Each structure stands twice: as structure tokens, then as C-alpha cells.
Amino acid sequence: MTTPPPSPRVDVVLPCLNEAEALPWVLARIPPGWRALVVDNGSTDGSADVARALGASVVHEPRRGFGAACHAGLAAATADIVCFCDCDASLDPSLLIPFVRQVREGDADLVLGRRRPKGRSAWPAHARAGNFALARLLRRRTGLRLHDLGPLRAARRAPLLALGLTDRRSGYPLQMVVRAADAGWRIAEHDVPYLPRTGSSKVTGTWLGTWQAVRDMSRVLAEPASPTSAVAPTPQGGIPR
């Protein structure tokens, strides 16, 4: 008999579209004992092969969209705690360690990274403006006083799946926060350095991309409270309370 491999302590979902250049930096910063789930969203630069060669698990999601890639990674995860991080070297996944500790110890149900740009090129002005406007709309919709809707985050897998997230475009990160807030989750926010990305941006690096993201997220904010998110996780493993 062969012994099955131990379950990872944490799964880190890394949505990926043509990030072969950035992957070595990102994967080198995955904490020991954690598993990197690189979700290839139709890359043409060999990203999947690079990720696999560097020891990551690769999930293929042919349907294009940031939310589609994130949710495919969440569905493939097996660890109790799941993290999300961009795959473009703008965010360091090792910064997720205190996020995971806070979730594991029961101090928060969802922990988000508040991006603090390092250099003018890290976060274009139009993208910051769009994020600021959405944060204000989120406060009006949920009462949450968050500053950012960034991609660096951690939560327990089972409760995340129970939120019934449906957005498969740029609105996915916001829908997660909105439905978590509707469910009464405790949501925390920590400052994290935000670096200039490697390669070209697919979303917020252009005015058009920012406009599309804001449109997707505005649609999420217009949704009524979902009955599927009526419960919050417990600190002991995601069983609804």
C-alpha cells in the first residue's frame, strides 16, 4: 500500500494568464508546507509548464475571467484554509502568514490585504480612483469600512464555497466580501506592500480594463443579499454557526 500524501496546511490560489516571467519570484515565496495552486487561464507563454517545473500544482480553467480562475482554484483546493494572491509579482504570498494565523486562531473569518503602492508605477491613478469609489459604495452597501478590495486574502475553504459565489469576471473578489458581510463574517484588513507588476496588466493597467472591472463590481453591489450566505463560519473548521 502507498501512503497518500498529507493534505496541505494551506492552499494558495494563484490565477495565472501569461505570467511565466513572474512565476519563479512568486512561487519561491510560498511558505513551506503550503501548496501553490496555479490556475492556468489560457496562457500561451508556457506558464503552466513553468509552474509545474517549480513544484506547483496546476489547474486548467479554459473559461477566461479572473473570477473563473479564482473559483476553479477554490474548487480544487483541499486545505482547510485557502488564500488568494495575484500571480504577477506585485504581491508577496509570504505576507499571508499572519492572515492565516488570524483565521486559524478564530480572530477573523476573512482577512484582506490593503495595498500600499511602492513606486508610482505600482498602482496607476485611475485604478486607485476606481478602487476608492468601490470601497465607498461597499461601505454604503454593507457598512464595512474597508480601504481596498485587493486580491490578497485568506479564509476557510468550506465557508467560502458555501457563499455560492457566481461572478466569474472582475467582480469575484468584491462578491466574496459582500456575501461574507451579508453572512455576518468578521472581516479584517492589513497593510501590505504593493510592487510594480512583472509584465503587462490584463485588467487595471489600462483605462478600459479599470472601467470593465468597475462595471463588473458595480453589478455585484446591486445584487440583493443572498440567502445562501446567511451563516458565518466557526473558528474550528468552517461549520456554520
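The values are calculated or read from the model by the stated rules, or taken from the named source; none is laboratory data. Please read all numbers here as calculations on a predicted model, not as lab measurements. Here the Cβ is made from the backbone with ideal geometry for all residues, glycine too, and neighbour counts use every protein chain on show.
Determine whether segment 157-165 contains at least one residue that is surrounded by 20 or more Cβ atoms within 10 Å (Cβ to Cβ), at pLDDT 90 or above and charged (D, E, K, R). Yes, some residue in segment 157-165 is surrounded by 20 or more Cβ atoms within 10 Å (Cβ to Cβ), at pLDDT 90 or above and charged (D, E, K, R). When segment 169-194 is filtered for residues that are in a loop (DSSP other than H, G, I, E, B), buried (at least 20 other Cβ atoms within 10 Å of the Cβ) and not aliphatic (A, V, I, L, M), the ones remaining, listed by number, are Ser170, Gly171, Trp185.
Looking only at segment 37-55, which residues are surrounded by 14 or more Cβ atoms within 10 Å (Cβ to Cβ) and of a type in the set (Ser, Thr, Tyr)? The answer is Ser43, Ser47. For segment 209-220, the count of residues that are modelled with pLDDT under 95 and within 26 Å of Ile97 (Cβ to Cβ) is zero.
Here is a check on your reading of the model: is Pro31 touching a strand residue (DSSP E or B) at 6+ places or on another chain (Cβ under 9 Å), more than 18 Å from Leu152 (Cα to Cα) and surrounded by fewer than 20 Cβ atoms within 10 Å (Cβ to Cβ)? Taking the combined requirement at face value, the residue does not satisfy it.
Ala89 - would you say it is among the aliphatic types (A, V, I, L, M) and over 22 Å from Ala188 (Cβ atoms)? Considered against the rule, which asks whether it is among the aliphatic types (A, V, I, L, M) and over 22 Å from Ala188 (Cβ atoms), Ala89 comes out as yes.
The rows are residues; the columns are (1) farther than 22 Å from Gly164 by Cα; (2) touching a Pro at 6+ places or on another chain (Cβ under 9 Å); (3) modelled with pLDDT of 95 or more.
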{"site": "Leu23", "(1), (2), (3)": "yes, no, yes"}
{"site": "Ser43", "(1), (2), (3)": "yes, no, yes"}
{"site": "Ala53", "(1), (2), (3)": "yes, no, yes"}
{"site": "Glu61", "(1), (2), (3)": "no, yes, yes"}
{"site": "Ala76", "(1), (2), (3)": "no, no, yes"}
{"site": "Asp80", "(1), (2), (3)": "no, no, yes"}
{"site": "Phe84", "(1), (2), (3)": "no, yes, yes"}
{"site": "Leu95", "(1), (2), (3)": "yes, yes, yes"}
{"site": "Arg101", "(1), (2), (3)": "yes, no, yes"}
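For the structure I just gave you, tell me whether Leu27 is closer than 22 Å to Thr198 by Cβ, within 15 Å of the chain's Cα centre (by Cα) and modelled with pLDDT of 95 or more. Steps first, please.
Details: closer than 22 Å to Thr198 by Cβ: yes; within 15 Å of the chain's Cα centre (by Cα): no; modelled with pLDDT of 95 or more: yes.
Considered against the rule, which asks whether it is closer than 22 Å to Thr198 by Cβ, within 15 Å of the chain's Cα centre (by Cα) and modelled with pLDDT of 95 or more, Leu27 comes out as no.
When the residues of segment 147-197 are filtered to those that are of a type in the set (Phe, Trp, Tyr) and over 14 Å from the mean Cα position of the chain (by Cα), which remaining residue is farthest from Val103 (Cα to Cα)? Applying the filter and picking the extreme gives Tyr194.
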